[in-house]
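What follows is a single structure, written as C-alpha cells, with notes after it.
Rule-based calculations on the coordinates, nothing more; no lab input. Bear in mind the structure is a predicted one, so any value in this text is a computation, not a measurement. Here the Cβ is made from the backbone with ideal geometry for all residues, glycine too, and neighbour counts use every protein chain on show.
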Amino acid sequence: MTQTDFIPKPVSKTIESGTFTWSAPSNIALVKYWGKKAHQIPANPSVSFTLNACKTITSLSFQNKENHNDFSFDLLFEGKPKEDFRPKIEKFLQRIETYCPYLKQYHFTIDTQNTFPHSSGIASSASGMAALAMNVMSLEKELYPEITDDYFYRKASFLARLGSGSACRSIKGKVVVWGKHADIADSSDLFGVAFPAKIHPNFNNYQDTILLVDKGEKQVSSTVGHDLMNGHAYAEARFNQAQGNLSKLKNVLENGDIQSFMQIVESEALTLHAMMMASMPYFILMKPNTLEIINRIWEFRQQRNIPVCFTLDAGANVHVLYPESDKVEVLQFIQSELLGYCQNQQYICDEIGNGSLLINNE
Ligand code: DP6
C-alpha cells in the first residue's frame with residue numbers, strides 16, 4: 001500500500017452530528033524507534049508490546065457547520081478546557097487533512113482523559129493520538145460505510161503515526177511491528193501491523209510493572225531526540241542493529257526463548273540511551289535511581305534465577321518485564337527492594353493488552 005491509497009474519493013453524504021468514544025492503550029517498544037525521515041517515516045523498524053491498563057479514553061463529538069474553510073474544535077481534558085494541547089491537535093489535523101478532507105465540514109468537541117496519573121512521566125502521545133485517530137476513522141466509516149475492517153484499522157494506524165510515530169503501534173494487536181522489515185509479512189513504514197506469527201505461550205499475559213522514577217517534565221522531547229539522529233556519528237550502525245534485533249526477536253517471540261528475549265530487550269533500552277548520550281548536543285534522561293534499579297534487577301535475576309528484565313523509554317522510568325508465572329515473587333521483590341527508588345513510591349502494574357476499543361457510538 002502507498003499513502004495515496006488512504007486518500008478517499010470526494011464524500012457524497014453529510015451527517016449532522018454524532019459522538020464516538022474510543023480507548024487506546026500505551027505501548028512499550030522492545031526494539032526502539034529512534035530516528036525518523038520526513039513525514040514520520042521511521043529510520044528503522046520497531047516492535048512493541050501493547051499495554052492494557054495505561055490508556056487514553058477520548059470522545060469525539062461532531063456537528064456539521066456552515067463554513068468549511070477552517071478546522072474548528074474545542075478541546076477538553078477530563079471535561080475541562082485545556083488550551084496547552086491545542087497546537088498539537090491543530091498540527092495533527094493539518095497533517096491528516098489530505099487523507100481526511102471531510103474534517104473541515106465539522107465542528108468537533110474532543111474530550112480526553114488518561115487512566116494513568118497526569119505527569120507520571122508516561123507518554124500520553126501514543127495512546128492519545130491513537131484514540132483520536134480511532135474516532136476520526138469512526139466518522140470516516142459513517143461517511144464511507146463500504147470501507148473494510150482491514151482498511152479501517154490500517155488507516156487508523158496510518159493517521160495515528162502522523163500524530164506521533166509510536167502511536168501507530170497502539171491500534172490493534174498484542175505485539176505490533178511498525179516499519180518495513182524483510183522477515184515480517186505486510187510490514188510497512190506507513191502503519192503498524194499485528195505480529196504475523198503465533199506468539200509462544202511464554203509471553204502470554206507478559207507483565208510490565210512501570211516504576212515511576214521521575215515524574216518531572218523531560219528536558220529533551222522525543223521529537224528533538226529523533227532529530228538528533230540526523231548526522232549522528234553512530235546512526236547507520238544503530239539502524240542496522242535494530243533491523244538485526246527485530247529478526248532475532250521475531251524468532252524469540254515464536255520459540256519462547258526468554259533468555260534471548262531479555263538480552264535483546266535490555267540491549268535495545270541501553271542503546272537508545274547511549275544514542276542520546278552520544279548525540280550533539282548530548283543529553284541524559286536516566287536518573288541515578290534508574291541505574292540503581294537496573295543493578296538491583298540484575299542482582300535479583302542472578303541470585304533467584306527468575307527471568308525479570310527491564311526496558312526504558314525516552315525518560316527515567318523503568319519498565320520491569322517478566323512472565324505472569326513469576327508475578328508473586330517479582331512483585332514482592334519490587335515492593336521490598338525497588339519502590340524506595342521511585343518518586344513517592346509510585347508504580348503501575350500493567351501487562352500485554354489487545355489495542356483500542358470502541359466504548360460508545362451514538
Ligand atoms: C523512545 O513516538 O514519541 O519511546 O514520532 O516524534 O511523536 P514522535 O516520537 P515518539 O517516539 C517514541 C520513542 C521511544 C521509542 C519507541 O516507542 O519506539
Using 5 Å bins from zero, what percent of all Cα-Cα pairs in the range 306-362 falls into each bin?
4, 13, 24, 22, 14, 8, 6, 5, 2, 1
Length gained when the stretch Glu299-Glu97 is fully extended (0.36 nm per residue, less Cα-Cα span)
67.6 nm
Over all alpha-carbon pairs in the range 238-362, figure out the percentage whose distance exceeds 23 Å.
41
Based on the Kirkwood radius over alpha-carbon pairs, what value in µm²/s does the Stokes-Einstein equation return for the translational diffusion coefficient of the range 177-229 at 4 °C and 1.567 mPa s?
87
Working from the pairwise distances between different alpha carbons, so that the mean of 1/r is found and then inverted, what is the range 1-89's Kirkwood radius in Å?
17.2
Counting only DSSP beta bridges with both residues in the chain, tell me the antiparallel percent, nearest 5.
90
At R0 = 30 Å, FRET efficiency that the Cβ-Cβ distance of Phe85 and Asp5 yields, to 0.05:
0.50
Where does the chain land at 222 nm, in deg cm²/dmol rounded to the nearest 500, when only DSSP H runs of n ≥ 4 count, each adding -39500 (n - 2.57), divided by all residues?
-10500 deg cm²/dmol
Cβ-derived FRET efficiency at R0 45 Å, Ala274 paired with Glu329, nearest 0.05:
0.90
Residues with beta-carbon under 15 Å from that of Tyr341, excluding Tyr341: net charge, scoring Lys, Arg +1 and Asp, Glu -1?
-1
With the Cα gyration tensor of the range 196-291 giving a ≥ b ≥ c as the square roots of its eigenvalues, does the rule (a/c under 1.5 for rounded; else a/b larger than b/c for prolate; else oblate) give rounded, prolate or oblate?
oblate
Global size of the chain as Cα Rg and Dmax, reported in angstrom:
20.4, 68
Using the per-residue mean of other Cβ atoms lying within 10 Å as a proxy for protection, in what order, highest first, do the peptides 257-266, 336-345, 313-322, 165-174 fall?
165-174, 313-322, 257-266, 336-345
Please find, in a Gaussian network model of the chain (springs between Cα atoms separated by less than 10 Å), the residue of Leu291, Leu139, Leu103 whose mean-square fluctuation is greatest.
Leu291
Dipole-positive endmost among Pro10, Asn69, Val47 within the range 1-150 (Cβ charges, Cα centre)
Val47
Give the cross-link partners of Lys13 among the lysines, using a straight C-alpha distance below 27 Å as the criterion and excluding same-chain residues fewer than 8 apart.
Lys65, Lys91, Lys104, Lys141, Lys155
Quick one: helix 125-143 against the long Cα principal axis of the chain, what's the angle to the nearest 10°, folded into 0 to 90?
30
Normalised contact order of the range 241-362, rounded percent, pairs of Cα under 8 Å and 6 or more residues apart:
19
Using only the alpha-carbon atoms of the range 239-283 as identical scatterers, what base-10 log of I(q)/I(0) does the Debye formula give at q = 0.16 Å⁻¹?
-0.48
Added length on full extension, which subtracts the Cα-Cα distance from 0.36 nm per residue, Asp186 to Lys198
2.8 nm
Glu16 versus Glu254, label points 7 Å from Cα toward the beta carbon: distance in nm?
5.5
